[in-house]
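Accompanying notes for the structure given below.
The values are calculated or read from the model by the stated rules, or taken from the named source; none is laboratory data. Bear in mind that the values here come from a model prediction, so they are computed numbers and not experimental data. Note that we place each Cβ from the backbone using ideal geometry, even for glycine, and neighbour counts take in every protein chain shown. Side chains are part of the model used for accessible areas, which takes the heavy atoms of the whole protein and leaves out ligands, DNA and RNA. Shrake-Rupley method; radii C 1.70, N 1.55, O 1.52, S 1.80 Å.
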Amino acid sequence: MRIAFVSLMYDAPWGGSEVLWSDVAAEALAQGHEVLICTHAWPELAAPLKALQRDGAQFYLRPRYDDSLAFRVKSRFKRVLNGGELDEIRVLKKFAPDVVLVSQGGWNDLFYHAQVRAWLRQKPYSLICHNYQDPVRLNEFQREQFTTMFAEAQEVLMISANQLKTIRRQLATELPNARVVQNPLNLPTSYPIAYPEADTSELTTQLAVVASFDVDRKGQDVLLEAFSAEQWHRRNWHLNLYGHGPDRTYLERLIRYYGLEERVTLHGHVSDSSRIWAKNHLLVLPSRIESGPMVLQESLLCGRAVVAADVGLVRMWLDEGETGFIADASTAASLNAALERAWACRDKWQSMGHEGYERTYQRLENKPAAALLNQLIEVASRHSIAK
């Protein structure tokens, strides 16, 4: 079977939204299917994409938009030569996939790729939504357009029930072809991870935020504001920020602004999560907007309690006062209130982490990529029979 994967994430060469579709592509290659991947061009392919290329995937790298005159003239000239058709469409037509999986970094990215969407109407395809916005201002024309776009897909895949519920409300429609799927997780070889020494007056409580340095989504800025409150200056704690991204310089400046230089450390990206949880007692997830923060499930499986803002799948996997603490929103006040509840019973964090592992492990889907590949094959089969 020929399967095309179209990734529309634009902001970075790699991110959490790329894990599910790329794992499905790897599974497809392992099973002997032909694979075409269409994604944005960056100076260098991300390591997981290089691995797919080595394993035999074909690639089309979509030029990233550049507002320079030279780029616009060149793009227009190429479209004129191609009769107005994008190179990407020509490549997709030549590959002639039996089914397509379209992955959006957000929730409505496909709407802004008119030619791709028009071509997809001829093919069976599934559409993944990896994020959402709330609130979002839509007019009636946009609601109708987005509703139609979702209806054109065989399946619309969401990462959390909260995301699906929110988009249904925003569009005022049921989206009967939508369902929730699980993301693959980045777990150490063995887990849970042994808990660090319990907190005492001599030992520092280590807190971790594992997220890209992108404050609009991940909320590290309001968390730093929360920790600037007077009571935190009297306590023995240290905050470790793991990741990389465009807002690193801003976060460094904000740390200095709040006088937290001795309290906060910015680490780089750490691929082996066991190194993170061997050191840290608690995960803090201050995200402003996120549908499926995989680090939540990963930290629970590694045996760590969590303080998290109420976004995406948080309430699906975290139980207030039992496996963690939920802030009503990603604001300094809400995060501070949740952190206060956590700090008051930090002697229970280890047992809460153990309970979090037990509950999460029982609900975890074993092979989400393989399950989604089987579903894609079924979508293609239904379409073939219908023809």
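Taking the chain, how many lysine pairs are there with alpha carbons less than 21 Å apart, if each pair must be eight or more places apart or span two chains?
8
For the peptides 279-291, 339-351, residues were scored by their other Cβ atoms within 10 Å and the scores averaged per peptide; the highest-first order is 279-291, 339-351.
For region 124-210, the list of trypsin sites (Lys or Arg not before Pro) that fall in a loop by DSSP and count at most 12 other C-beta atoms within 10 angstrom reads 137. Taking 0.36 nm per residue of sequence separation and removing the Cα-Cα distance, the residue 383/residue 272 pair yields an extension gain of 35.8 nm. Start at zero, step by 20 Å, and the Cα-Cα distances of the chain spread as 26, 54, 19, 1 percent across the bins.
Where in region 80-175 are there GluC sites (Glu not before Pro) that are in a DSSP coil and have at most 16 other Cβ atoms within 10 angstrom of their Cβ? Those that pass, being in a loop and sparsely packed, are 85, 174.
Projected label points at residue 359 and residue 230, each 7 Å from Cα along the beta carbon direction, are separated by 3.5 nanometres. Each peptide in 20-32, 296-308 gets a packing score, the mean of other Cβ atoms within 10 Å over its residues, and the list from highest to lowest is 296-308, 20-32.
Residue ranges 94-106, 233-245 sort as 94-106, 233-245 when ordered by packing (mean number of other C-beta atoms within 10 Å per residue, highest first).
Carbon-plus-sulfur fraction of the accessible area of region 276-322, 1.4 Å probe, in percent? Carbon and sulfur: 46 percent of the exposed surface of region 276-322.
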